[in-house]
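Here is the structure we will look at, set down as structure tokens.
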Protein chains: 2
Amino acid sequence: MEKEPVYLSDQQLWAFVSDVFLRMGHSSDDAYLATDVLLEADLRGIDSHGIARLLGYVRLWEAGRVNSRPNIRLVRETTAAGTVDGDGGLGLIVAARSMDIAIKKAAATGIGMISICNSNHFGIAAYHALKAVPHHMIGMSMTNASPLVAPTYSKERLLGTNPHCWVFPTRQYDPLVFDMATSAAANGKMELAEREGKPIPEGWAMDKDGNPSTDPAILKKGGALLPLGGDFEHGSHKGYGMGAIADLLSGVLSGANFGPWVPPFVSFLQPPADPVGKGIGHFVGALRIDAFRELDEYYDAIDIWTKRFKGAVPANAEKPVLVHGEPEMKQYRDRKKNGIFINEKVFADMKTVADKFKLDLEG
Amino acid sequence: MEKEPVYLSDQQLWAFVSDVFLRMGHSSDDAYLATDVLLEADLRGIDSHGIARLLGYVRLWEAGRVNSRPNIRLVRETTAAGTVDGDGGLGLIVAARSMDIAIKKAAATGIGMISICNSNHFGIAAYHALKAVPHHMIGMSMTNASPLVAPTYSKERLLGTNPHCWVFPTRQYDPLVFDMATSAAANGKMELAEREGKPIPEGWAMDKDGNPSTDPAILKKGGALLPLGGDFEHGSHKGYGMGAIADLLSGVLSGANFGPWVPPFVSFLQPPADPVGKGIGHFVGALRIDAFRELDEYYDAIDIWTKRFKGAVPANAEKPVLVHGEPEMKQYRDRKKNGIFINEKVFADMKTVADKFKLDLEG
């Protein structure tokens, strides 16, 4: 018998998720913030980083690997820079609070950049970078992550999908949001293909011996994701380079773990026994636009840029050229109005969480 | 009759190139600096950005499109940020002097970032970012460039090959140098294939109608380079995004031209008649490591990182895994010792320049 598809409004999700974060022991401020980060992913259509992660966070907390009462503190600083120790808190919270510090520093000096150690999964990179927008600042964020990607010419997993994110405010359009994993394809796309029983395209992954693979389950068999570019001839050393930059700024600069030592996000995999730093690392920053240019001139220019790229001649008339951030805002407006589709597996996970905390999911 | 291959020592090249910059009317300081940038490219094996560019610079200067006596000035600043107007000078000089300003700001506040307008071709991005290394700083540089790359789903050239460059000092190894065009392949690789009469791989370029092309001369027929990733399925929106980020920071933030309005580097192509800014734009920055972490701890960590990645298990035992910057330093040491190979076409160009200025190339 076909089950009814589940749609929940963002308010319904908010009520449930914030209750869960509170039951984990977070302060009401931290529970509010973590919920806001998670919901932003679901609203923007980044399903892999929203409510689908909640059970994973709960299990990490049960395993003692998330501190729900973190003392998040700046352990080192200059007027424009600094490092935050996240005290084992959820990255959702740690990175957002660090971005607030970066924004304050940028207000004072023109730029603020914070490296972050001793953190955990930070959700969608765009949430943190987007905080710059109301301040007329450009925002950026990066993170490292547990190793799934093999460097060019290697068959070892040494880097996470380590995203780079930059956000630019505009006047007339949605902010330009560049939020990009540095692998050819995100892990979520592999999982989707596996659920649908479809092969993946060549150029996404390799098997454990370094041969090209189209098996969507190849990561579970010791395979690796390929860096953006796929192979050397098509520039995979650049994707490998972008992933390495995020790892160095997030891990090596902050005092977090890096490369193959980054701890996994899932409770059934143990962190490496020989850590080289503390937790997972992030890097966030804000650039005050009027430190570089009159605000009005900047907004005139970026609106010209955006209009020109949105209006670019398409190769195929049925596929218009996109500017970054536009598809996510289309999802956002749709999901605010019509609710968020929850797939069967995620809904079952939500029930597991509800049972753990004796919460009423239906109510 | 086969011609003898030409090898010149870096000192020989230095003498010739600096004479040329002086004859163009540069101050002795500026001529020294521009020569240093150009020679660094040849020594590091980035042949497309060294002496091969000299005739192009001379022709742009003859066309009145390079100012050899620029008044390079900071037109706006805060303690950590600012914008430089390059006054139409060579980017080689403008970007290097702007990086000096960024380094001074980073010494004072922890970070320094400078956006640059009214400039010209800046040579290899790595030169500018590498200036941070002796100061125990991380360096970065980006530039926009005249349009050759079509955004995902478009057949219009709207972006240059707009590189991102980041440089990280290490203690025991060569600095890690990530210097990456954001197209699948650099234009220089197309030219090389054309000279050798070989087709290019699919995934590098398209024809003017947006169809895949393996013709190395396709750019001359109205075609376009593809962003890193190649097509949407393999993440070309990420390469397009990286190119856009460099364009926005270099052009939109600084007051330079951007997107399809960036003026060409070659004198036989005219700049757009309707500029949206001044000249070409760049973006450079420096991050003081000890603003984030004790220097010794940073150097310990990055040496562990570098050793681990250099020692990664290769997929093919004959192709060791590389860390970024290593192949270029291998070239550097070899060319310092054995001289720099000058191909026939470049040597002919050098003779053209020598004749223009009545310089003795052989001497």
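The values are calculated or read from the model by the stated rules, or taken from the named source; none is laboratory data. Computed from a prediction, not measured in an experiment: that's the story for all the values here. Here the Cβ is made from the backbone with ideal geometry for all residues, glycine too, and neighbour counts use every protein chain on show.
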> Looking only at segment B:101-116, which residues are buried (at least 23 other Cβ atoms within 10 Å of the Cβ) and within 9 Å of chain A (Cβ to nearest Cβ)?
Replying inline: B:LYS105, B:ALA106, B:THR109, B:GLY110, B:ILE111, B:GLY112, B:MET113, B:ILE114, B:SER115
> Quick one: in segment B:151-189, which of the residues that are in contact with a strand residue (DSSP E or B) (Cβ under 8 Å, 6 or more places away or on another chain) and of a type in the set (Asp, Glu) is surrounded by the fewest Cβ atoms within 10 Å (Cβ to Cβ)?
Replying inline: B:GLU156
> In this structure, is B:GLU297 part of a helix (DSSP H, G or I), farther than 29 Å from B:TYR57 by Cα, in contact with a Gly (Cβ under 8 Å, 6 or more places away or on another chain) and within 14 Å of chain A (Cβ to nearest Cβ)?
Replying inline: yes
>> Let me confirm something: among A:ALA145, A:ALA126, which residue is closer than 26 Å to A:LYS310 by Cβ, away from every other protein chain (no Cβ under 11 Å) and surrounded by 24 or more Cβ atoms within 10 Å (Cβ to Cβ)?
In response: A:ALA126
> Across segment B:118-148, what is the number of residues that are of a type in the set (Ser, Thr, Tyr), touching a helix residue (DSSP H, G or I) at 6+ places or on another chain (Cβ under 7 Å) and under 22 Å from B:LEU55 (Cα atoms)?
Replying inline: 3
> Restricting the search to segment B:244-268, which residues are more than 7 Å from chain A (Cβ to nearest Cβ), among the aromatic types (Phe, Trp, Tyr) and buried (at least 24 other Cβ atoms within 10 Å of the Cβ)?
Replying inline: none
> If we keep just the residues of segment B:303-337 that are in contact (Cβ under 8 Å) with a residue 12 or more places away in the chain and in contact with a strand residue (DSSP E or B) (Cβ under 7 Å, 6 or more places away or on another chain), which is farthest from the other protein chains (Cβ to nearest Cβ)?
Replying inline: B:GLU328
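Residue-wise test of (1) modelled with pLDDT of 95 or more; (2) over 27 Å from B:ASN343 (Cβ atoms).
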| position | (1), (2) |
| --- | --- |
| B:THR170 | yes, yes |
| B:MET180 | yes, no |
| B:LYS189 | no, no |
| B:PRO199 | yes, no |
| B:ALA205 | yes, no |
| B:THR214 | yes, no |
| B:LEU225 | yes, no |
| B:GLY230 | yes, yes |
> Under the condition of being closer than 22 Å to B:THR182 by Cβ and surrounded by 19 or more Cβ atoms within 10 Å (Cβ to Cβ), which residue from segment A:190-205 is nearest to the other protein chains (Cβ to nearest Cβ)?
Replying inline: A:GLY203
> With respect to A:PRO216, is the statement that it is free of Cβ contacts under 8 Å to residues at least 40 places away in the same chain and more than 8 Å from every other protein chain (Cβ to nearest Cβ) true?
Replying inline: yes
>> Which condition from (1) among the aliphatic types (A, V, I, L, M); (2) over 14 Å from the mean Cα position of the chain (by Cα); (3) within 14 Å of chain A (Cβ to nearest Cβ) is the one that B:VAL66 breaks?
In response: (3)
>> Tell me the residue from A:GLY230, A:GLY241, A:GLY279 that is crowded, with 24+ Cβ neighbours inside 10 Å and more than 11 Å from chain B (Cβ to nearest Cβ), please.
In response: A:GLY279
> Inside segment B:309-325, can you point out the residues that are part of a helix (DSSP H, G or I) and surrounded by fewer than 18 Cβ atoms within 10 Å (Cβ to Cβ)?
Replying inline: B:LYS310
> Among the residues of segment B:316-336, is any farther than 28 Å from B:HIS49 by Cβ, touching a Gly at 6+ places or on another chain (Cβ under 6 Å) and of a type outside the set (Ser, Thr, Tyr)?
Replying inline: no
